[in-house]
1. Ignoring ligands and nucleic acids, what accessible area does Glu204 show with a 1.4 Å probe (Å², nearest 10)?
2. With charges only on Cβ, +1 for K and R and -1 for D and E, what is the dipole size of the stretch 65-126 about its Cα centre, in debye, rounded to 20?
3. For the stretch 150-192, what is the charge dipole size about the Cα centre, in debye to the nearest 20, if Lys and Arg each add +1 at the Cβ and Asp and Glu each add -1 at the Cβ?
4. P(r) of the stretch 99-237 in 10 Å steps, Cα pairs, percent per bin?
5. Taking 8 Å as the Cα distance limit and 6 or more residues as the minimum spacing, I'd like the relative contact order of the chain as a percentage.
6. For n ≥ 4 DSSP H runs only, could you compute -39500 (n - 2.57) per run for the chain, divide by its residues and tell me the 222 nm figure to the nearest 500?
7. Where the centre of each part is set by its Cα atoms, how far does the stretch 169-206 sit from the stretch 49-68, in angstrom?
8. Kindly sort Arg110, Arg239 by accessible area of their heavy atoms, largest first, with the probe set to 1.4 Å.
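The values are calculated or read from the model by the stated rules, or taken from the named source; none is laboratory data. Just so we're clear, the structure is a prediction, and the values are computed from it rather than from any experiment. Using ideal geometry, Cβ is built from the backbone for each residue, glycine included, and neighbour counts are taken over all protein chains shown. We work out accessible area using only protein heavy atoms, side chains counted, and drop any ligands, DNA or RNA first. Shrake-Rupley method; radii C 1.70, N 1.55, O 1.52, S 1.80 Å.
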Amino acid sequence: MKTVALTLIAALAAGSVLAQDPDAWTAQTADDLTLAYAVFPEGIAVIARCQAGTPELLVQGLQIRTPTIDVAARFGDGRVHWASWTPSENGRYLIAERPAQLMRGFVNTRTAMLQFGEGDGAVQFTVTPPADTSGMEGVLTACGQPLFHERDEAEPLRLSQEDDFLREGRVIISPRAARDRVSGWAYVTCMTAEGGRLTDCEAEAESPAGYGYGEASVRSLEESRIRGEVPPGRLVSIRLTTLVN
């Protein structure tokens, strides 16, 4: 990743020198990491990676000094999806909340809009994804993700960890996370069922990679019960944060 970061910094520093849209996603692989990136003339870089089976999508080229930022994404003529993104620890990247959904958007459409923030301070980019999508497809395949997913165009109802649960499942911490004392989070989508149950849960993102927070969050949610205001058959989402002391 260090080599990739240096390459991207040099490309972004070139500014207006980058006058053309990229033709392909630049792909790299090393050990358990599969990566693809593209630098756009608008001044941002999009980096997709699969590390230890976990998909991540990062954007470089923006300085964000808040703990999270609301980001809107739209691909082609599709609907606008809002999500909460997180800056990396070093502040160099923004980490997407639904990385595989965005990767599929870059693969399957020819225009992409990303808006960072809301109101007068918002910054919007409209980019043309590379026509050669093999690099991005390789990242999805490495993480066992399909190239199409019916949930991508749905707008999940966002649940609150504090307010929407009648009963919460166990807090599950992997041995590695406990040993290293590493906290983490996972973004999960589920379908609602009778009795407040959650079924067909999928971990769409987790951080940090390799600590099992995605699988642990899925198991916890399938043991949980939500309040009855949400009817069965509804797609819901939640971001679960697990703190390790």
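1. 20 Å²
2. Numbers: 7 positive and 6 negative charges, 54 e Å.
My answer is approximately 260 debye.
3. Details: 7 positive and 9 negative charges, 104 e Å.
Taking the Cα centre of the stretch 150-192 as origin, the dipole is about 500 debye.
4. Here the calculated profile for the stretch 99-237 is 10, 31, 33, 22, 3.
5. Values: 528 pairs, mean separation 41.5, N = 245.
Across the chain, relative contact order equals 17 percent.
6. On the way: 5 runs with 47 residues, N = 245.
Counting only the DSSP helices, I get -5500 deg cm²/dmol.
7. 20 Å
8. Numbers: Arg110 110, Arg239 55 Å².
Solvent-accessible surface, decreasing: Arg110, Arg239.
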